[in-house]
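Novice: Starting off with a structure, shown below.
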Amino acid sequence: GKGLPALGEAALLLGAFREAAHQHASLPDLAASLERSMTRYLADFEPEGEAGERFVTALLVEIADAEPLVRMTSCGHPAPLLLGPDNTVTVPRLHPAPPLGVGITDPNYAVDVLPFGPGDTLLLYTDGVIEARDQNGVFYPLAVRAAQWTDHAPEALLDRIERDLLAHTGGRFGDDVALLAIHRAPIPHPGNHLQRVQRGHASVSGQ
């Protein structure tokens, strides 16, 4: 969404995450806690005319330090791209639960385990990226374009995608877009074997 209600929902969810992440060891338990927080918030602040129309998608990610893998629980959020050092791009098949705040009773929060080894880059993004259109209405082909830059470091990768996305849309976004790149170094260094770079764009309109 856009406007002040969307800001309120995002702030609420971030605050709930910071609190709940210290109390729940598993991703499903964490997702369930966020769902409860979101449901309480919407019960108090959701306009009557928008009942059932406001929700938040989320992707919970846990990166193992000692294992070459990543665990994810998706709440209606797009699956990330896994970029390999051999110029491969994989779109993992997740098992998403409904978005947070929809009000589904006892949703099944699955944990998807994906390989994430040395040299791999995990590219996370919001739906504003893949739903960006050019002047002919063609969606931005993120996986195809990202395949050209799998050997780039996170910051360079995001720079390439940002410039390419702006060129595709003619410099205008119809929705908010955000990108996050996480790279596992080929040779881990103690205490510093993950490099994370994020890039976001916020376009909030008043209502």
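None of the figures in this text is laboratory data; all of them are computed from the coordinates on show. The shown structure was predicted, so the numbers you read here are calculated from the model rather than taken from an experiment. Every residue, glycine among them, receives a Cβ derived from its backbone with ideal geometry; neighbour counts consider all protein chains shown.
Novice: Glu155 to Gln195: extension gain in nm, 0.36 nm per residue of separation minus the Cα-Cα distance?
Specialist: Difference between extended and current length: 13.4 nm.
Novice: Run the numbers on the chain and let me know its relative contact order in percent, using alpha-carbon pairs under 8 Å that are six or more apart.
Specialist: Taking the mean separation of contacting Cα pairs over the length of the chain, I get 19 percent.
Novice: Related question: How large is ³J(HN,Hα), in whole Hz, for each residue of the range 103-109 in order, when computed from phi with the Karplus curve 6.51 cos²θ - 1.76 cosθ + 1.60 and θ = phi - 60°, using x for Gly and Pro?
Specialist: x, 6, 6, 6, x, 8, 8
Novice: Same structure, new question: What helices in the chain pass both tests, a Cα length along the helix axis of 24 Å or more and a mean Kyte hydropathy of 0.0 or higher, using whole DSSP H runs?
Specialist: 3-20, 27-45
Novice: Taking the Cα centre as origin and putting +1 on Lys and Arg beta-carbons and -1 on Asp and Glu beta-carbons, what dipole magnitude results for the range 59-201, to the nearest 20 debye?
Specialist: Once rounded to the nearest 20, the dipole reads 180 debye.
Novice: With unit charges on the beta carbon (Lys/Arg positive, Asp/Glu negative), name the residue among Leu142, Leu114, Leu83 whose Cα is farthest towards the positive pole of the charge dipole of the range 60-190.
Specialist: Value computed over the given set: Leu142.
Novice: Which FRET efficiency value, to the nearest 0.05, is calculated for Ile63 and Arg36 with the Förster distance at 35 angstrom and r the Cβ-Cβ distance?
Specialist: 0.90
Novice: Within the range 66-86, find all residues whose amide N lies under 16 Å from a label point positioned 7 Å from the Cα of Ala110 along Cα-to-beta-carbon.
Specialist: Within reach of a label on Ala110: 71-80.
Novice: At most 11 other Cβ atoms within 10 Å plus a DSSP loop assignment makes a site exposed; report the longest stretch of the chain without any exposed trypsin sites (Lys or Arg not before Pro).
Specialist: Here the longest run is 1-92.
Novice: Another question about this same structure. Around Asp112, with a cut-off of 10 angstrom between Cβ atoms, what is the net charge of the other residues, counting Lys and Arg +1 and Asp and Glu -1?
Specialist: Residues close to Asp112 contribute a combined charge of +2.
Novice: Something else about it: Report the net charge of residues surrounding His95, where surrounding means a beta-carbon distance below 13 angstrom and charges are Lys +1, Arg +1, Asp -1, Glu -1.
Specialist: Here the count lands on +1.
Novice: Follow-up question, since we're still on this one. Just need log10 I(q)/I(0) for the chain at q = 0.09, 0.11, 0.12 Å⁻¹, Debye formula, equal scatterers on the alpha-carbon atoms, no solvent, rounded to two decimals.
Specialist: The Cα Debye sum returns log10 ratios of -0.38, -0.57, -0.68.
Novice: Asn136 label point, 7 Å along Cα→Cβ, cut-off 14 Å on backbone N: hits in the range 149-186?
Specialist: What the label zone holds, given the 14 Å backbone N cut-off, is 168-169.
Novice: Could you work out which residue, out of Ala181, Ala58, Ala167, moves most in a Gaussian network model of the chain, that is, has the largest mean-square fluctuation with Cα springs under 10 Å?
Specialist: In the Gaussian network model the winner is Ala167.
Novice: Same structure again: Give me the percent of DSSP beta bridges within the range 66-191 that run antiparallel, rounded to the nearest 5.
Specialist: 95 percent
Novice: With the dipole of the chain worked out from charges on the C-beta (+1 for Lys and Arg, -1 for Asp and Glu) around the Cα centre, which of Val102, Gly171, Ala31 lies farthest toward the positive end?
Specialist: Gly171
Novice: Looking at the chain, identify the longest residue range that excludes and avoids all GluC sites (Glu not before Pro) in DSSP loops having at most 14 other Cβ atoms within 10 Å.
Specialist: Between exposed loop sites, the widest span is 54-130.
Novice: When the helix-only estimate is applied to the chain (DSSP H runs of n ≥ 4, each -39,500 (n - 2.57), divided by the residue count), what is the mean residue ellipticity at 222 nm, nearest 500 deg cm²/dmol?
Specialist: -9500 deg cm²/dmol
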